[in-house]
Amino acid sequence: MKRNYLKYTLIVLLGMGVISCKKSFLQTTPKGEFLESNYYQTPAQAFSGLVAAYDPLVTETGGSDQTYTNPIGPLNSASDDAYAGGGGSTDTPDWQVWNNYTVNSAQGPQAGFWTINFLGVSRANTILSKLGNVPGLDPATAKRYTGEALFLRAHYLFDLVRLFKNIPLITTPLDPSTIYNQPQAAPTAVYAQIESDLTTAIADLPATVVTTENGRVTGGAAVALLGKVYLYEQKWAQAATQLAIVNGTTPGGVTPTYNYQLQASFGAIFNPSNKFNSEAILEIPHTSTQNYSWNNWDSFKSNVYVQYTGPRDFSDATYAGGWGFNPITTQLHDAMQNANDPRYGYTILNLDSLSALEHKTYTPSYQNTGYFSLKYAPLTKYKSATGTVELNYPNDYIEIRLADTYLMEAEALVQSGGNAGRALALLTAVRARVGLAPVPATLANIYNERRFELALEGHRWFDLVRWGQAATALAFKGFKAGKNELLPIPLNELSNTKLVQNPGYQ
């Protein structure tokens, strides 16, 4: 019997879901299972339902094919910033086939992306349907939970529509008899729902959270995500207006409502000892304290991707070893080095040079270039002393940060013919942080700045696709225009449903 998001939805509808308590927010320890019909009877149960809706944000393994599903790895593999790498051409095959654009409906990262995001949609729909009838849940708390659930649903739908375009739009818990009859919606309808969810969420969410609630979404995150959604829809003026709210009136300074500020040091942004720093708008937390082992597959809340990116069979006082995935392309290396960009030293580790200097060796991975990621490098000082060491790195993923929203607003302003002076100020602030002189606020310069500023953070592939540059930039990997801008609908989702495969994958 096939296993897919519809089955996950059915499981939730029939009431068998893992309810978790928290050591800290989004760090789960399973406690037990409850029938949904008997649940949501207390404020504590409502909170557990909300946490369940958050959980797919930090799900790194599983999906309908039970593979490793951290989104940054496959997205980097598909871009011109990195290769898949690893132990060989069949190591983590979902990354390999997206890297060389032989992805098909049966093999690729789509099964993980589809299942996990639709599981998130389902859980958000469930908690939204229950919040109005939870005994003892005060109105202010219910309002906040509603805002969080709406944000989460919008986030999951946004990932789905960007990756697949043609998806079912499900906004309520489904009756079991209708699960297999869901049609794909027009992308415009999905985007309209995302806009509506985020607009409501902004009003329901707090501007900031206390330290013990780090990881819960804020009004600032909803504002930023809505601005990003408008950008992807090419609603340039609306995107610029929305992003200006989170960016504030003075680029480079403190934003008045949300208090975001560029970090003085570029390298400090990604330091695990500097979590939830002033630049982080949407940060996905990970923990090293839960002693994970290989027996915890489907449960990891650490950042296993860190181990993936380290060089194979290498360690010194600074860098721990890894599995050699996502070696950096010579295209990115040469572009940053030739530009003498100061971010190079915080982004790229030239291991061949370091190995020669230290008289150490490493085992070249598949597609090895000698260049490795520093933003998510496995550092010796953060190796866990408990559990399976490689499975317990604490590095968070900052999905949206202030430099990103500065550059998105600058792009939207140029595209809309808006305030050219502000676009220049936004671009200049990002460059000034790393000691670079101003350059004109042209689209070409903004595009280049995004590549160097956000390299290896999972944005590049989406940027190339939405700019219409993917066919040229990714030609060396085999990208085919009119096909590879989308992932295929997973093969096992097409059986006994109304879903139609995306163009080029039939």
Note to self: If I model a spin label as a point 7 Å beyond the Cα along the Cα-Cβ vector, how far apart are those points for Thr141 and Ala420 in nm?
What the structure shows: 5.5
Margin query: Using the crude model of +1 on Lys and Arg Cβ and -1 on Asp and Glu Cβ, and no other charge, please compute the dipole size for the stretch 137-266 relative to its Cα centre, in debye to 20.
Written below: 260
Notebook entry, point to check: Taking only the alpha-carbon atoms of the chain, what semi-axes of the equivalent ellipsoid follow from 5 times the gyration tensor eigenvalues under a square root, in whole Å, largest first?
Noted result: 33, 27, 24
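With the Cα gyration tensor of the stretch 246-341 giving a ≥ b ≥ c as the square roots of its eigenvalues, does the rule (a/c under 1.5 for rounded; else a/b larger than b/c for prolate; else oblate) give rounded, prolate or oblate?
Working: a/c = 2.57, a/b = 1.31, b/c = 1.97.
Since a/c reaches 1.5 but b/c is at least a/b, the shape of the stretch 246-341 is classed as oblate.
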Item checked: Alpha-carbon centroid distance for the pair the stretch 53-129 / the stretch 462-506, whole angstrom -> 14
Check: If you plug each phi of the stretch 104-113 into the Karplus form 6.51 cos²θ - 1.76 cosθ + 1.60 with θ = phi - 60°, what whole-Hz ³J(HN,Hα) values come out, in order, with x for Gly and Pro?
Finding: 9, 5, 8, 9, x, x, 5, 5, x, 4
Next item on the list: Take the alpha-carbon centre of the stretch 162-219, take the same for the stretch 263-320, and report the distance between them in whole Å.
Entry: 27
Next item on the list: Enumerate the amide H contacts of Phe325 below 5 Å, restricted to partners 5 or more residues apart or on another chain; note that Pro and chain-start residues carry no placed amide H.
Entry: Gly86, Thr309, Gly310
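May I ask which of Lys130/Lys498; Lys228/Lys480; Lys143/Lys498; Lys165/Lys477 have a Cα-Cα span longer than 31 Å here? Walk me through the numbers before you get to the answer.
On the way: Lys130/Lys498 28 Å; Lys228/Lys480 26 Å; Lys143/Lys498 35 Å; Lys165/Lys477 22 Å.
Violating the 31 Å Cα-Cα cut-off are Lys143/Lys498.
Antiparallel versus total DSSP beta bridges in the chain: what percent is that, nearest 5? Don't skip to the end; give the middle numbers.
Working: 21 of 23 bridges.
Looking only at bridges with both residues in the chain, the antiparallel portion is about 90 percent.
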Margin query: If you count only protein heavy atoms and use a 1.4 Å probe, how large is the accessible surface of Ile202, to the nearest 10 Å²?
Written below: 40
Check: With each pseudo-label sitting 7 Å past Cα toward Cβ, what's the Thr212-Ala106 distance in nm, one decimal?
Finding: 5.3
Next item on the list: Give the share of C-alpha pairs in each 5 angstrom bin for the stretch 85-188, from 0 to the last occupied bin, in whole percents, shortest bins first.
Entry: 2, 11, 16, 17, 16, 12, 10, 7, 4, 3, 1, 0
Margin query: Check which residues have an amide H placed less than 5 Å from Thr67's amide H, if you skip close sequence neighbours.
Written below: Gly62
Next item on the list: Compute the distance in nm between two label points, each set 7 Å from the Cα along the Cα-to-Cβ direction, one at Ala444 and one at Ala237.
Entry: 2.9
Notebook entry, point to check: How compact and how long is the stretch 162-220, expressed as Rg and Dmax of its alpha-carbon atoms in Å?
Noted result: 15.7, 44
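Using 1/(1 + (r/R0)^6) with R0 = 41 angstrom and r between the beta carbons of Gln66 and Arg466, what's the FRET efficiency to the nearest 0.05? Present the calculation step by step, with values, prior to reporting the outcome.
Values: r = 31 Å, r/R0 = 0.75.
It comes out at approximately 0.85.
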Notebook entry, point to check: So if R0 is 45 Å, what FRET efficiency would Gln506 and Gln331 give, r being the distance between their Cβ atoms, rounded to the nearest 0.05?
Noted result: 0.90
Notebook entry, point to check: Using unit Cβ charges (K, R positive; D, E negative) and no other charged atoms, how large, in debye to the nearest 20, is the dipole of the stretch 207-338 about its Cα centre?
Noted result: 260
Next item on the list: Return the sequence-ordered ³J(HN,Hα) values of the stretch 142-153 in whole Hz as given by the Karplus equation 6.51 cos²θ - 1.76 cosθ + 1.60 applied to θ = phi - 60°, using x for Gly and Pro.
Entry: 4, 5, 5, 4, 4, x, 5, 5, 5, 4, 4, 4
Next item on the list: Grab the alpha carbons of the stretch 436-503, take their convex hull, and tell me the volume per residue in Å³.
Entry: 121
Check: If the cut-off is a Cα-Cα distance under 17 Å, which aspartates and glutamates reach Lys360, setting aside same-chain residues fewer than 8 apart in sequence?
Finding: Asp313, Asp316, Asp352
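By how many nm would the segment from Thr200 to Ala437 lengthen if fully extended, with 0.36 nm per residue of separation less the alpha-carbon distance? Display every interim value, and only then the final one.
Working: separation 237, 0.36 × 237 = 85.32 nm, distance 4.00 nm.
This chain segment gains 81.3 nm when fully extended.
The values are calculated or read from the model by the stated rules, or taken from the named source; none is laboratory data. Being a predicted model, the structure only gives us computed values, none of them experimental. FYI the Cβ positions are ideal-geometry reconstructions off the backbone, even for glycines, and counts take in every protein chain you see. Surface accessibility is based on the protein's heavy atoms, side chains included, excluding ligands, DNA and RNA. Shrake-Rupley method; radii C 1.70, N 1.55, O 1.52, S 1.80 Å.
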